[in-house]
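The values are calculated or read from the model by the stated rules, or taken from the named source; none is laboratory data. Bear in mind that the values here come from a model prediction, so they are computed numbers and not experimental data. Quick reminder, even Gly has a Cβ in these numbers, built from the backbone with ideal geometry, and neighbours come from all protein chains shown.
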Amino acid sequence: MTCSDSRATTSREPPRRRCDDFTGAAAQAKPPAADNKHPGLAATDVAVTGLPNGDAQVVAVGKDGDVHHNVRHADGSWQGWASMADDQHGALKATQVGIAALPDGSAQTLLTTR
């Protein structure tokens with residue numbers, strides 16, 4: 001995935017980040033929500049990794065501090081955002097996330113908290 005920032009056309013408009021998605025088409029980097037109706041997830045940190053089968057896994061820290069996960073399948077479809085659970089089955093909290101793909105098709109996530 002390659003991304004580029006564009007300059008705002010007015011002083012009130014924020015810069016926009018555009019990314020080439022995994023099919024090569026330019027699109028705003030807003031994968032579908034879990035209900036596949038509302039785009040995007042308001043996040044403070046995001047990480048993505050590509051798997052050997054062509055899937056991409058995305059983890060994000062929501063504005064509420066909860067960690068969310070999504071998968072973009074090789075065919076272009078999205079799994080949908082889902083919250084990750086901690087050891088006590090509550091919402092997993094973090095301030096930063098990272099994710100790495102492994103050759104066996106699994107992925108490992110690294111989180112930092114305050």
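Among (1) touching a Lys or Arg at 6+ places or on another chain (Cβ under 7 Å); (2) in a loop (DSSP other than H, G, I, E, B), there is one condition THR44 misses while meeting the rest; what is its number? Failing condition for THR44: (2). Residues in the range 47-97 that are over 18 Å from THR112 (Cα atoms), part of a strand (DSSP E or B), modelled with pLDDT of 90 or more and hydrophobic (A, V, I, L, M, F, W, C): 2 in all. For the range 69-99, the set of residues classified as surrounded by fewer than 14 Cβ atoms within 10 Å (Cβ to Cβ), hydroxyl-bearing (Ser, Thr, Tyr) and within 18 Å of THR44 (Cα to Cα) consists of THR95 only. Residue selection: ALA60 satisfies the criterion of being within 13 Å of the chain's Cα centre (by Cα), on the phi < 0 side of the Ramachandran plot and small (Gly, Ala, Ser).
Would you mind stating whether SER6 is of a type in the set (Gly, Ala, Ser), at pLDDT 50 or above and at negative phi? The answer is no for SER6. Looking only at residues of the range 26-41 that are assigned to a strand (DSSP E or B) and not aliphatic (A, V, I, L, M), we find that the one that is modelled with the lowest pLDDT is GLN28.
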